[in-house]
Each structure stands twice: as structure tokens, then as C-alpha cells.
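The values are calculated or read from the model by the stated rules, or taken from the named source; none is laboratory data. Note that the structure is a prediction, hence the values are computed from the model and not measured. Please note: Cβ atoms are built from the backbone with ideal geometry, for glycine as well, and neighbour counts cover all protein chains shown.
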């Protein structure tokens with residue numbers, strides 16, 4: 001067997017008389033096809049369902065079960081509502097804008113690169129935030145230390161109570177959600193239907209953003 005340009009040629013072929021045509025045909029019959037997974041592509045819905053089903057079987061200690069490894073997966077905007085992701089590997093996954101309402105994420109594995117997983121607002125203490133009301137009125141809020149706070153998989157957050165610090169564009173703001181909650185400087189606004197499920201983004205709570213720019217851009 002001869003070696004030509006790092007390609008092994010059968011000994012029955014005489015390389016001095018080897019034509020370009022022969023070489024091309026031989027390479028075509030021996031080439032191998034390699035499939036590479038392209039990073040950043042959104043995972044197909046059917047593929048995700050198979051992984052979740054295998055994970056469900058793994059949690060039930062079934063022989064055919066397999067622990068879900070979704071590390072580095074692009075799950076942006078995926079519908080994962082009611083999914084059981086307990087003990088799943090979500091390291092470096094992209095969960096931005098995914099629907100995780102009523103999902104079980106007990107003891108799942110996540111790291112600092114798991115986007116959309118961590119709270120967008122401070123976990124404790126008081127802080128300043130901004131809310132967009134009807135007619136593009138912006139309300140500056142103070143979230144008190146005692147307030148419950150939450151965020152799902154987007155930049156929008158919610159709190160159980162807020163204090164209005166300042167109103168921009170009017171002397172008051174009116175909620176664009178229920179069109180009746182009133183915001184004016186100095187007023188404390190409380191939510192009477194707070195939802196404990198962190199992953200339900202549009203659930204009960206006073207919604208806000210951490211920056212004024214985000215609030216202004218909301219709904220555009």
C-alpha cells in the first residue's frame with residue numbers, strides 16, 4: 001500500500017500511472033461523512049420531548065431511562081411548562097424567555113452561564129426599579145426590604161409591594177394591566193394576589209424592570 005498526500009492507496013494501483021480521475025473516484029468511494037452539532041441552534045421540539053421522556057423514566061428508576069443533559073442547549077422560548085427537570089443538567093443552557101410555569105427544577109444543575117435561570121433583581125434588601133404605565137408614563141419605584149420579589153426567564157420582575165418615588169410624563173400613572181391601579185409619588189401600592197410560583201411571569205404581583213430604559217422599551 002502506498003501513501004500519497006496522507007492518503008493510503010491500494011498496492012495494486014501504480015502511483016506513477018494513477019490518473020486524477022482514478023484518484024477522485026477512489027476518494028469519493030472512501031470518504032466519510034461527519035455530522036457536527038452547531039452551537040446556538042434552538043433544540044427541536046421533538047428532540048426535547050424525547051429527552052424529557054427519558055429523564056422522566058430515569059427519575060422513576062426505569063432501565064431505559066436517562067438523566068437529561070441539557071448543558072449548553074439553546075432552549076430560548078421553549079415551552080417547558082409542567083416539565084419535571086429535577087436533577088437535570090442545565091449548566092450553560094439558554095433558558096431566556098422559556099416558559100417554565102409549574103415546572104419542577106428541584107436540585108437541577110445550573111451555573112453562572114445558565115441564562116434566564118437566576119433572579120434579575122436583588123434577592124434581599126431594598127432597591128430602585130421602574131415601571132411603565134399607560135400612555136408611556138414611567139414610574140420610579142422603591143422596592144422595600146420586606147417585599148417579596150421574583151423574576152422568571154426574562155428581564156421583567158415583580159414584587160408584592162412598592163413605594164412610588166417619582167412619576168415621569170404625568171402627575172400619576174395608571175397600570176396598563178388592569179387600567180385602574182393608581183401610582184402617584186409617595187403612595188405605597190400592594191398586591192393582593194401574589195403568586196408564589198416564581199416561573200409564572202405574568203402572575204400576581206407589581207411588575208417592573210431594573211432600569212428605566214428597559215421600562216421605556218417594554219411593549220414597543
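Taken over region 126-173, the residue count meeting the criterion of being within 27 Å of the chain's Cα centre (by Cα) and outside any strand (DSSP E or B) is 10. Just one of the numbered conditions (1) in contact with a strand residue (DSSP E or B) (Cβ under 8 Å, 6 or more places away or on another chain); (2) over 29 Å from residue 95 (Cα atoms) is not true of residue 177: (2).
Cβ separations smaller than 7 Å between residues 6+ apart or across chains give no pair from region 45-69 residues that are closer than 16 Å to residue 93 by Cβ and outside the structural domain of residue 91 (by TED's automatic domain parsing) to residues that are crowded, with 16+ Cβ neighbours inside 10 Å and at pLDDT below 95.
For the structure I just gave you, tell me whether residue 203 is closer than 30 Å to residue 72 by Cβ, assigned by TED's automatic domain parsing to the domain that holds residue 56 and either outside any strand (DSSP E or B) or without any contact (Cβ under 8 Å) to a residue 12 or more places away in the chain (or both). Criteria not met by residue 203.
Given the structure, is residue 186 touching a helix residue (DSSP H, G or I) at 6+ places or on another chain (Cβ under 7 Å), under 19 Å from residue 128 (Cβ atoms) and in contact (Cβ under 8 Å) with a residue 12 or more places away in the chain? No: the conditions fail for residue 186. Of the residues 77, 92, 176, the single one that is in contact (Cβ under 8 Å) with a residue 12 or more places away in the chain, farther than 25 Å from residue 216 by Cα and not in a strand (DSSP E or B) is 92.
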